[in-house]
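Reviewing the structure listed below.
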Amino acid sequence: MRGTRDVSLREGFIAGTGLRLAEPLVAPYLGVGSDGPSVAMLMPDLTDELIAWERPGHEPVVGPATLGHVIEAVAGLHAMPWADYRPTTPDWGWPWCPLRERLLLLTRQSAERYRAEGLAVGGRFLAGWDAFERLAPIEAVGLIRELSDDPSRLLAALGRLPATGIHGDLKLANVALLDDGRVALIDWSMMSLAPVAVELGWLLVSNSASLPIEPDAVMARYREVAGRAARTGLRLGARWPDADASSAPPLILPPRGLEPTIGDWDAQLDLTWIVGLLLRGWRKGLDAEAGVVLGSGVSAADDLAWWSARAVEAAGRRLP
């Protein structure tokens with residue numbers, strides 16, 4: 001929260017908006033209240049519905065059908081007309097997570113601050129970045145060092161693409177698959193207005209142990225589903241307490257095309273690789289050093305080399 005300047009408690013804000021999200025997506029909040037600086041949210045128990053992700057004792061790899069269902073929900077979220085939800089008055093607005101702080105949240109410099117504050121994760125992140133610098137190609141190491149010091153070139157490249165509403169923390173541990181086919185997302189504390197590359201970069205790197213297919217295949221699936229949503233339009237379902245009520249029929253939104261959400265797909269792809277490596281190169285270093293095999297069957301060492309090459313090539317095209 002400190003690292004992303006979450007002074008408004010974004011999760012509570014989202015819980016209280018009563019947003020109707022694109023089907024099959026739903027925000028699982030029953031109610032929210034505040035008392036001074038404190039916010040309380042009431043939610044259903046989703047213990048059995050949340051994807052296990054890296055939870056001990058559970059199979060880490062999700063099936064292709066499950067992944068496809070999640071991608072469909074995410075593409076619908078991105079295709080919503082988020083411009084309609086922006087502030088109309090200067091004293092009220094969505095407390096979007098600032099993009100610079102999101103991109104720098106897990107860098108070496110941030111990890112050093114966390115360690116100085118006595119947070120155990122600081123040491124783990126630093127160990128990961130040490131491993132990354134030992135094992136990654138020198139060009140990738142230089143790129144990540146430069147962007148960690150000054151992300152202005154990356155921010156400028158992202159600024160040339162459409163910005164849309166993104167969840168911001170799409171670890172599969174934040175995804176619940178409900179019996180009726182709906183998909184519930186929790187932990188909206190880093191929701192941002194940003195290009196989809198930011199969401200997709202984190203989706204890929206934070207779930208590498210769980211994804212049954214390689215990054216290119218995930219991106220192709222997302223592009224296919226996003227294109228369908230752009231052609232057919234969206235159905236906004238009821239908010240959680242009324243989700244099964246006939247008094248709250250779906251709201252049909254007309255097709256908008258891909259331009260408002262994606263724009264230049266090749267640029268989104270390139271920036272996905274850069275964002276992903278910047279956010280989680282530290283974990284790729286740890287996994288490569290430990291000899292881990294990812295959910296797709298690719299070794300972590302090969303995965304690190306692949307991401308490094310993609311990010312360096314992309315930077316040559318997109319970060320003048």
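The values are calculated or read from the model by the stated rules, or taken from the named source; none is laboratory data. Only a predicted model underlies this, so the values are computations on that prediction, with no experimental measurement involved. Don't worry about glycine lacking a Cβ; one is built from the backbone with ideal geometry, like all the others, and counts go over all protein chains shown. These accessible areas exclude ligands, DNA and RNA; they are computed on the full protein's heavy atoms, side chains included. Shrake-Rupley method; radii C 1.70, N 1.55, O 1.52, S 1.80 Å.
Summed over the residues of the chain and divided among them, the accessible surface reaches 44 Å² per residue at a probe radius of 1.4 Å.
Each peptide in 296-303, 9-16 was scored by the mean count of other Cβ atoms within 10 Å over its residues; highest first, the order is 9-16, 296-303. Per-atom-type breakdown for region 76-171 gives carbon and sulfur 55% of the accessible area (1.4 Å probe, protein chains only). On a per residue basis, the convex hull of the C-alpha atoms belonging to the chain measures out at 145 Å³. Apolar share of the accessible surface for region 3-50: 52 percent from carbon plus sulfur atoms, 1.4 Å probe.
What a 1.4 Å probe finds exposed on region 179-304 is 52% carbon and sulfur by accessible area, rounded to a whole percent. Highest average first, the peptides 283-289, 132-138, 192-198 ordered by how many other beta carbon atoms sit within 10 Å of their residues are 192-198, 283-289, 132-138.
Can you check how the C-alpha radius of gyration of region 169-290 compares to 2.2 N^0.38 Å, as a plain ratio?
Normalised Cα radius of gyration, region 169-290: 1.22.
Does region 240-320 come out rounded, prolate or oblate, given a ≥ b ≥ c as the square roots of the eigenvalues of its C-alpha gyration tensor, rounded meaning a/c under 1.5 and, failing that, prolate meaning a/b above b/c? Judged from the Cα gyration tensor, region 240-320 comes out oblate (a/c at least 1.5, b/c at or above a/b).
Once the Cβ-Cβ distance between Met43 and Arg228 is put in as r, and R0 is 25 Å, what FRET efficiency do you end up with, to the nearest 0.05?
Efficiency for this residue pair is about 0.25.
By its C-alpha gyration tensor, with a ≥ b ≥ c as the square roots of the eigenvalues, how is region 112-241 shaped: rounded for a/c under 1.5, else prolate for a/b larger than b/c, else oblate? Since a/c reaches 1.5 and a/b is larger than b/c, the shape of region 112-241 is classed as prolate.
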